[in-house]
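Trainee: Take this structure first; my questions come after.
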Amino acid sequence: MTVVRGAFVQTRPKFGRNEENIESAIRLVSRVDADLYVFPELCNSGYAFTSKRECLALSESLNNGNSVEQLLSYSEKRKCAVVAGLAEKEGQRTFNSSVVIERGKILGTYRKMHLFFREKLWFSASNRGFRTFFLEKIGCKIGVLICFDWFFPEASRKLALEGAEVICHPSDLVMSGKAQVGMMARAFENRVFVITANRVGFENRGPKDRFRFTGMSQIISPDMDKLAAAGKTETAAKVAQMNLDLAKKKYVTPLNNILSDRRPSYY
Ligand code: ACM
């Protein structure tokens, strides 16, 4: 039996204060002991950009930017894995990305496939597809989605087909409670754990750029049980034990395997 302690951190970033945001997220997350920590989407920069220029200025290299360096050093010190949503800069392009780190080493990045609303004006959409990562020290395969990706059930299914046992879901959700319900279904129909790390707070950067973030971060089991949950406005870090055996069992009756019973030629 492999039991992994998964955690989310629910933060309240201040727009444009990258260094302070990462420091306070790490301070918060340090309060709980876990093997795998999930941070919200764009947890370095905040969310509501108003120009491409601003987005470029606040995005960071995922090779050696300050935010990634802080997270690398946290994961090395705590001997843990981290999945964190960061504004990424590569040359003159920016991506809404997540970095996957294990014990001081970057395993890779995932760039958001389904950009939400005005994100399309600042970020390039990924053309790399969905990715899974094997966390060697923990013995667990994870997949990553970012926020609005939840709207597309194919994305979770693809990760499950590639063997993900846990879907890590950094988010800046704005439709109160909808994704939380949706991701319970994604956990159940794919028999995977889901860790949604959402943020709280309000950003008002002009008439088109006003967002209230909905909190309610959660950890859901393959049986659709809520193993940990946060409130709508609090900052918090919470942890839950995830027994990976549950995610390996894809039978829902002795005759029904949810992956091999699919009829993709008819979909
Ligand atoms: C979202 O994708 N941040 C709603």
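Trainee: Looking at segment 20-36, is at least one residue open to solvent by 10 Å² or more (accessible area, probe 1.4 Å), in contact (Cβ under 8 Å) with a residue 40 or more places away in the chain, farther than 17 Å from Ala236 by Cα and β-branched (Val, Ile, Thr)?
Mentor: No; the residues of segment 20-36 include none that is open to solvent by 10 Å² or more (accessible area, probe 1.4 Å), in contact (Cβ under 8 Å) with a residue 40 or more places away in the chain, farther than 17 Å from Ala236 by Cα and β-branched (Val, Ile, Thr).
Trainee: Just checking, which of Gly143, Gly85 is crowded, with 16+ Cβ neighbours inside 10 Å and within 16 Å of the ligand (Cβ to nearest atom)?
Mentor: Gly85
Trainee: Filter segment 78-109 down to the residues that are basic (Lys, Arg) and in a loop (DSSP other than H, G, I, E, B) and list them by number.
Mentor: Lys79, Arg103
Trainee: Taking segment 239-267 on its own, how many of its residues are assigned to a strand (DSSP E or B) and over 14 Å from Glu189 (Cβ atoms)?
Mentor: 6
Trainee: Of all residues in segment 111-123, which are surrounded by fewer than 16 Cβ atoms within 10 Å (Cβ to Cβ) and in a loop (DSSP other than H, G, I, E, B)?
Mentor: Once the filter is applied, which keeps residues that are surrounded by fewer than 16 Cβ atoms within 10 Å (Cβ to Cβ) and in a loop (DSSP other than H, G, I, E, B), segment 111-123 yields Phe117, Arg118.
Trainee: Among (1) within 16 Å of the ligand (Cβ to nearest atom); (2) under 23 Å from Ala25 (Cβ atoms), there is one condition Phe117 misses while meeting the rest; what is its number?
Mentor: Result: Phe117 fails condition (2) only.
Trainee: Condition first: among the small types (Gly, Ala, Ser) and surrounded by 24 or more Cβ atoms within 10 Å (Cβ to Cβ). Now tell me which residues in segment 172-196 satisfy that.
Mentor: Passing the criteria: Ala179, Ala187.
Trainee: Still on this model: Going by the structure shown, is Arg199 basic (Lys, Arg) and either open to solvent by 70 Å² or more (accessible area, probe 1.4 Å) or farther than 16 Å from Glu41 by Cβ (or both)?
Mentor: When the stated conditions are applied, Arg199 does not pass them.
Trainee: Still on this structure: May I ask you to list the residues in segment 18-62 that are in a helix (DSSP H, G or I) and of a type in the set (Gly, Ala, Ser)?
Mentor: Correct list: Ser24, Ala25, Ala57.
Trainee: Quick test of your reading of the structure: Arg205 fulfils all but one of (1) without any contact (Cβ under 8 Å) to a residue 60 or more places away in the chain; (2) more than 22 Å from Met224 (Cβ to Cβ). Name the failing condition by number.
Mentor: Exception for Arg205: condition (1).
Trainee: Please give the number of the condition Val82 fails out of (1) touching a residue at least 40 places away in the same chain (Cβ under 8 Å); (2) farther than 17 Å from Ile219 by Cβ.
Mentor: Unmet for Val82, out of (1) touching a residue at least 40 places away in the same chain (Cβ under 8 Å); (2) farther than 17 Å from Ile219 by Cβ: (2).
Trainee: Quickly run through segment 201-223 and pick out the residues that are at pLDDT below 95, at negative phi and assigned to a loop (DSSP other than H, G, I, E, B).
Mentor: Arg205, Pro207, Lys208, Asp209, listed by residue number.
Trainee: Which ones in segment 238-251 are out of contact with any Phe, Trp or Tyr (no Cβ under 7 Å at 6 or more places or on another chain) and touching a residue at least 60 places away in the same chain (Cβ under 8 Å)?
Mentor: Val239, Ala240, Gln241, Asn243, Leu244, Asp245, Lys248
Trainee: Does Arg131 satisfy the condition of being within 16 Å of the ligand (Cβ to nearest atom), among the charged types (D, E, K, R), open to solvent by 10 Å² or more (accessible area, probe 1.4 Å) and within 13 Å of the chain's Cα centre (by Cα)?
Mentor: no
Trainee: In addition: Would you please name the residue that is nearest to Phe15 (Cα to Cα), looking only at residues in segment 215-234 that are surrounded by 18 or more Cβ atoms within 10 Å (Cβ to Cβ) and touching a helix residue (DSSP H, G or I) at 6+ places or on another chain (Cβ under 8 Å)?
Mentor: It comes out as Met216.
Trainee: Separate question: Return only the number of the condition from (1) surrounded by fewer than 17 Cβ atoms within 10 Å (Cβ to Cβ); (2) of a type in the set (A, V, I, L, M); (3) within 16 Å of the ligand (Cβ to nearest atom) that Ile106 does not satisfy.
Mentor: Going through (1) surrounded by fewer than 17 Cβ atoms within 10 Å (Cβ to Cβ); (2) of a type in the set (A, V, I, L, M); (3) within 16 Å of the ligand (Cβ to nearest atom) one by one, Ile106 breaks only (3).
Trainee: Residues in segment 148-165 that are open to solvent by 10 Å² or more (accessible area, probe 1.4 Å) and under 12 Å from the mean Cα position of the chain (by Cα): how many?
Mentor: The total comes to 2.
The values are calculated or read from the model by the stated rules, or taken from the named source; none is laboratory data. Note that the structure is a prediction, hence the values are computed from the model and not measured. Cβ: placed from backbone, ideal geometry, glycine included. Neighbour counts: every protein chain shown. Each accessible area value is taken on the protein alone, full model and side chains, heavy atoms only, with ligands, DNA and RNA left out. Shrake-Rupley method; radii C 1.70, N 1.55, O 1.52, S 1.80 Å.
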